[in-house]
Amino acid sequence: MSIEPIYLLIALLPLVAYLLLLGMIRLSGRVLITTGGRDIAALGFSVVGLVAIGPGELFFPKAAAGVFGGWVWLALATFYGLIISLFALTARPRLVVYGRTPEQMLSPLLEAALELDSEATCDRETLQVFLPQLRVHLRAAGHQAIDSTSIESFEPIATSVFWEKLLGHLRDKAEVTSPPAPRRGGTMIVVALTLGLFVVWRAIAERQQVVEGFREWLWR
């Protein structure tokens, strides 16, 4: 059974944009370091289309839509944003690095830790950094295949001051690291462009159905 082009547009365009962004970061060789909360927010945006045509369709409030029309989508979008914000705010604090593997981030992490604790040490076998004065163990975890790293702590650190300082120092130290092979980013961009071109081709070939489907989907 063929999927209607309007549903392909809604489901895949945010995901394509997310993949293109990651692919361009990896292909450029630059490093992007952000907080775990922002990473969750970006991931939430990438799957918003899938949520809209999945759970959004399944639990759509038809009674409210009959009264408020298309404005009900504003309430649903706000509700979804609040859910993502809840996950971002309650998740364990961490830093996320795009464009570098855990092994590549270990030396910059140690240098950044030395700015906070002059007695910081590193265990390269376990990819861990210990800050004895602060009594904090940090770990560089992630996947080499997608050139991303998550900087996590074993101890629960409630204060955001530590993570803000570590983020600032880590950005400075990571800028001088060498990038991984650019072909990985190229593969991700090719996949994203393939999906995007397929969606655009379906939308152009069936543009009348897209217009009618969008009108029916939005105004119920």
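Scanning segment 1-20 for residues that are among the β-branched types (Val, Ile, Thr), in contact (Cβ under 8 Å) with a residue 12 or more places away in the chain and closer than 16 Å to GLU212 by Cβ turns up ILE6, ILE10.
Against the list (1) surrounded by 15 or more Cβ atoms within 10 Å (Cβ to Cβ); (2) over 15 Å from the mean Cα position of the chain (by Cα), the condition SER46 fails is (2).
Can you tell me which residue is nearest to SER46 (Cα to Cα) among those in segment 75-95 that are open to solvent by less than 100 Å² (accessible area, probe 1.4 Å) and of a type in the set (A, V, I, L, M)? Step by step, filter segment 75-95, then rank; the result is ILE84. Within segment 58-70, residues that are surrounded by 10 or more Cβ atoms within 10 Å (Cβ to Cβ) reach partners that are among the β-branched types (Val, Ile, Thr) with beta carbons closer than 7 Å, at six or more positions or on different chains, in the pairs PRO61/VAL72; ALA64/VAL72; ALA65/VAL72. Of all residues in segment 130-147, those that are under 25 Å from the mean Cα position of the chain (by Cα) and aliphatic (A, V, I, L, M) total 5.
The values are calculated or read from the model by the stated rules, or taken from the named source; none is laboratory data. These numbers were taken from a predicted model, which means no experiment stands behind them. Cβ sites come from the backbone with ideal geometry, for glycine too, and all protein chains shown count toward neighbours. Areas reflect the complete protein model, heavy atoms only, side chains present, ligands, DNA and RNA absent. Shrake-Rupley method; radii C 1.70, N 1.55, O 1.52, S 1.80 Å.
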